[in-house]
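As structure tokens, the structure follows; a few thoughts come after it.
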Amino acid sequence: MEKKSFLILAFIALISISALAQSKFSMGLKLGPNLSSVNANATVGETYKSITGYHGGMFATIKGSKIGFQPEILFSKQGYILQTTAGQDVFDFKYVNVPIIIKWYMVKGLNVQIGPQLDLLTSAIKEAADGTNTDHENILRDRVWNLCVGLGVDLPFKINLDARYVIGLTDVNNLTSAGSALKSSVVQFSLGYRFVDKGKSVKKQKQ
């Protein structure tokens, strides 16, 4: 189901690109903090807490007068904290994120963003309350699907600002036991810089 949703959104994005007879192209770097956790069925004595991480990488944007298409590739540190009666366990996950974002421009550079995101796991460490570290890569799925929703603004001086909520669509846990399902939940704030910024918007070209 998640793959079908991804393909449908990607197809819509390709149609949007083909409709842009005149477009503006930009490419840049972005980075910022993550506030991540998981949606899970907590048992008695368990509390899931958020953890602060970071993300950073590259993006490219093709923009018409109202619609933009923006694929990205990001390195992301995320995870969660599990508080139990035995203490606090910290789960530190690292992913390569590949979001494919459709941007709808409303007023000036202000835009609404939505699109699928593929997460590719690169490492997973459990830092237990007793101080021991355990590799958890074999417990987690090596790829998961998410949905990104958010707001952004393209500013002068080649600056972008984004705020997104990344909603987990598939279980990050590779276990099949009852109550083991974990779906990621990440809030991201990004500062971007467009080092390539070519072309003019359709509106400007018609003036």
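No lab work stands behind these numbers, since they all come straight from the coordinates. Remember, predicted model here, so these are calculated numbers, not experimental data. Methodologically, a virtual Cβ is constructed for each residue, glycine included, from the backbone with ideal geometry; neighbour enumeration extends over all protein chains shown.
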If you take the beta carbon distance between VAL96 and LEU151 as r and set R0 to 41 Å, what does 1/(1 + (r/R0)^6) give as a FRET efficiency, to the nearest 0.05? 0.95
Arranged from highest to lowest average of other beta-carbon atoms within 10 Å per residue, in what order do the peptides 129-136, 107-114 appear? 107-114, 129-136
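Expressed in nm to one decimal, what extension gain is obtained for the pair TRP104 and ASN133 from 0.36 nm per residue of sequence separation less their Cα-Cα distance?
Going from the current span to full extension adds 6.1 nm.
Mind sorting GLU127, GLU46 by how few other Cβ atoms lie within 10 Å of their own Cβ, fewest first?
Least to most surrounded, the residues fall as GLU46, GLU127.
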Taking TYR165, TYR95 and counting other C-beta atoms within 10 Å, the order from fewest to most: TYR165, TYR95
